[in-house]
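Have a look at the structure below, then the notes.
The values are calculated or read from the model by the stated rules, or taken from the named source; none is laboratory data. Quick caveat, the model's predicted, so the values are computed rather than measured. Cβ placement follows ideal geometry from the backbone for every residue including glycine, while neighbour counts extend to all protein chains displayed. Side chains included, ligands, DNA and RNA excluded: accessible areas come from the protein's heavy atoms. Shrake-Rupley method; radii C 1.70, N 1.55, O 1.52, S 1.80 Å.
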Amino acid sequence: MTTPDLPHVEGAQLALISGSAVEELQVLLERCEDFEVLVTGHPPEPYAARELLVDAPPDHPLRDKFVIGVWTDQGLTAAIDLLRDFPERHVWYLGLLLVAPEDRGQGLGERILAAFRPWILSQEGRAIRLIVQDQNPAARRFWVREGFVEIGTATQELMDRTNQVARFELKL
Ligand SMILES: CC(C)(COP(=O)(O)OP(=O)(O)OC[C@H]1O[C@@H](n2cnc3c(N)ncnc32)[C@H](O)[C@@H]1OP(=O)(O)O)[C@@H](O)C(=O)NCCC(=O)NCCS
């Protein structure tokens, strides 16, 4: 499937992360250390950005993976990680939505999501799924407010930690 141009977010420029932007993504991940510590118990590794770009389920083609940066006049301010047609056709998996700490709570996350809904729909996506760790109630509030519905629970096995998570879905 061909990929349409990235959507427009008011006051921001979007681009797929590659080249020198990988270093900017690394800086963003490190600024968002709070989130990484919350989920994994550790600050981000020095190669976390490079790893994120290729982090896809086995056998899932990287052409269906999108790590997109959101640049404002403050530089790279947010990022979103999406997998097309995972875990099944017409379902998109949102692996990460991250807004720089000082820019949270000002509607940027909501505007990013609003921009991607029609973009995903235009590629025959019918639903977005994601997980939220139980220890991240603020993110849970965000997704519920955006219309996501809890569809189950799961355990997330990380290297040296297990998280209880809720599984959420938004039908488009
Ligand atoms: C969750 C997140 C992407 C939302 O983006 P945002 O631009 O802050 O969201 P908006 O301004 O559109 O909405 C604010 C809501 O986001 C949620 N939120 C989550 N973490 C937040 C934070 N650290 N600061 C402010 N709001 C936060 C809250 O529900 C908040 O609503 P509330 O003020 O009523 O509690 C962003 O806060 C973030 O990057 N958080 C850390 C990473 C994370 O948890 N990502 C989700 C992974 S599942």
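Converting phi to 3J(HN,Hα) with the Karplus coefficients 6.51, -1.76 and 1.60 and the offset θ = phi - 60°, the range 41-52 yields x, 10, x, x, 5, x, 10, 4, 5, 4, 5, 4 Hz in sequence order, with x at every glycine or proline. Between the residues N163, S18, T153, the greatest Cα displacement towards the positive end of the dipole of the chain, with unit charges on the Cβ of Lys, Arg, Asp and Glu, is found for T153.
Counting Lys and Arg as +1 and Asp and Glu as -1 over every other residue whose Cβ lies under 14 Å from the Cβ of L170, the net charge comes to +3. With one equal scatterer per alpha carbon and no solvent term, the Debye-computed log10 I(q)/I(0) for the chain at 0.16 1/Å reads -1.01.
Applying both filters, DSSP loop and at most 12 other Cβ atoms within 10 Å, to the trypsin sites (Lys or Arg not before Pro) of the range 1-97 gives R89. Computed 3J(HN,Hα) for the range 154-170, one whole-Hz value per residue from the Karplus formula 6.51 cos²θ - 1.76 cosθ + 1.60 where θ = phi - 60°, is 7, 10, 10, 8, 9, 3, 9, 6, 10, 10, 8, 10, 9, 9, 10, 9, 10, glycine and proline marked x. On the chain, 52 percent of the accessible area sits on carbon and sulfur atoms, based on a 1.4 Å probe. Each Lys or Arg adds one and each Asp or Glu takes one away; over the other residues whose Cβ falls under 11 Å from the Cβ of A12, this sums to -2.
Taking chymotrypsin sites (Phe, Trp or Tyr not before Pro) across the range 1-98, the ones in a DSSP loop with at most 11 further Cβ atoms lying within 10 angstrom of their Cβ are Y47. Treating r as the C-beta distance of L16 and V37 and R0 as 22 Å, the FRET efficiency rounds to 0.20.
Can you give me the C-alpha center-to-center distance between the range 1-78 and the range 81-137, rounded to a whole angstrom? So the separation of the two Cα centres works out to 12 Å. Think of a 1.4 Å ball rolled over the protein heavy atoms: the range 57-151 then has 47 Å² of accessible area per residue.
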